[in-house]
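S.K.: Questions regarding the structure given below will be posed in turn.
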Ligand SMILES: [Zn+2]
């Protein structure tokens, strides 16, 4: 219906705007109907849009391209051997095939993951598991290897308690089996062990929120040297992963992925947390030494999860852009606490279907993403130029 109406309107506008028409309508031959010179009429200007389709690790996608306005394009995600398709970054649909109607430039990324060896998480007996209950009904269950030192295990529980009392996670409305949970299992073990939870979580390693089509879980593979040196990283990374759980549960539809808000935000909270609870300043002790010129000249490179052009060690550039956004919000008249509320809370609660990141950005932050990128150019690409106040506390940000 929309298409049928649109085409005549478009043609009408094109013809009435054609400069040729004026010169072909001499006033002294008003009664002569001059036929349209078909051969010389310029091609009607069909609005073209670009569809970009990319694949995350573990699969491929059909080609994108440039198409006329209103074209319907079918895109398909194809997992590699041993991987499974888990969804589209920009869509709530979990179908491998999507039909896109091109009415603007669009970007779609297909996400894949390793097929786990088994998926018994939903059948785990939680009666023997320790855990913690969230104020708003979101609970964590601890699956912790005995090989972790008891000091680590005790500290881990204190940290979860502190985070849980300040950053309240809301169970998300169920839209797919994987999401819409009111609980998450945490699997923690020592790097030197041979994957003690492999039968439950497959080959997932490192520090992450991982998942399959039925559940998400937190993975904490604690590195040996972190335990030997008792570094604060092993504690701060828990805050990082915990905040990811907050981010992905704050709205039914996650807002458009912007790495500097997702990872930059989690890594910033990861740095505020040990400053507040351990008097350990990650910002000034070299956690982010690699902020580069590209953070201010091409911040768009730090929107997607991965770009070849831009390395982001420890999320240095993402954290820099995140903190620069806080500074810009303060320049617009927000207090520092108000500015942090916008990037830590409001953005994550703003997600909904059928809204572009440009619209959402301006709605939440009060200025356009383009004007923010322009403002970034005047910044000194060094983490020390955007540091938050020493006294900033998570309670002040997350208290409603
Ligand atoms: Zn992360």
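The values are calculated or read from the model by the stated rules, or taken from the named source; none is laboratory data. Note that the coordinates shown come from a computational prediction; the quantities given were computed from them, not determined experimentally. For neighbour counting, all protein chains shown are included, and Cβ atoms are generated from backbone atoms with ideal geometry for every residue, glycine included.
S.K.: Going residue by residue through segment 74-87, is there one that turns out to be over 30 Å from residue 351 (Cα atoms) and in contact with a strand residue (DSSP E or B) (Cβ under 8 Å, 6 or more places away or on another chain)?
M.R.: Yes.
S.K.: Across segment 211-238, which residue is nearest to the ligand (Cβ to nearest atom) among those that are in a helix (DSSP H, G or I) and at pLDDT 90 or above?
M.R.: Looking at the filtered set, the residue picked out is 237.
S.K.: Follow-up question, since we're still on this one. Identify, from the list 296, 337, the residue that is more than 16 Å from the ligand (Cβ to nearest atom), within 23 Å of residue 400 (Cα to Cα) and either buried (at least 18 other Cβ atoms within 10 Å of the Cβ) or in the same structural domain as residue 375 (by TED's automatic domain parsing) (or both).
M.R.: 337
S.K.: Just to be sure, is residue 288 closer than 17 Å to residue 398 by Cα, in contact (Cβ under 8 Å) with a residue 40 or more places away in the chain and in contact with a helix residue (DSSP H, G or I) (Cβ under 6 Å, 6 or more places away or on another chain)? Full working, then the answer.
M.R.: On the way: closer than 17 Å to residue 398 by Cα: no; in contact (Cβ under 8 Å) with a residue 40 or more places away in the chain: yes; in contact with a helix residue (DSSP H, G or I) (Cβ under 6 Å, 6 or more places away or on another chain): yes.
So residue 288 fails the test.
S.K.: Here are 355, 364: which of them is more than 16 Å from the ligand (Cβ to nearest atom), modelled with pLDDT under 95 and either surrounded by 16 or more Cβ atoms within 10 Å (Cβ to Cβ) or under 26 Å from residue 167 (Cβ atoms) (or both)? Before the answer, list the steps.
M.R.: Numbers: 364 fails: modelled with pLDDT under 95.
Checking each option against the conditions leaves just 355.
S.K.: Could you pull out the residue among 283, 262, 288 that is more than 12 Å from the ligand (Cβ to nearest atom) and buried (at least 22 other Cβ atoms within 10 Å of the Cβ)?
M.R.: Only one candidate passes the filter, namely 288.
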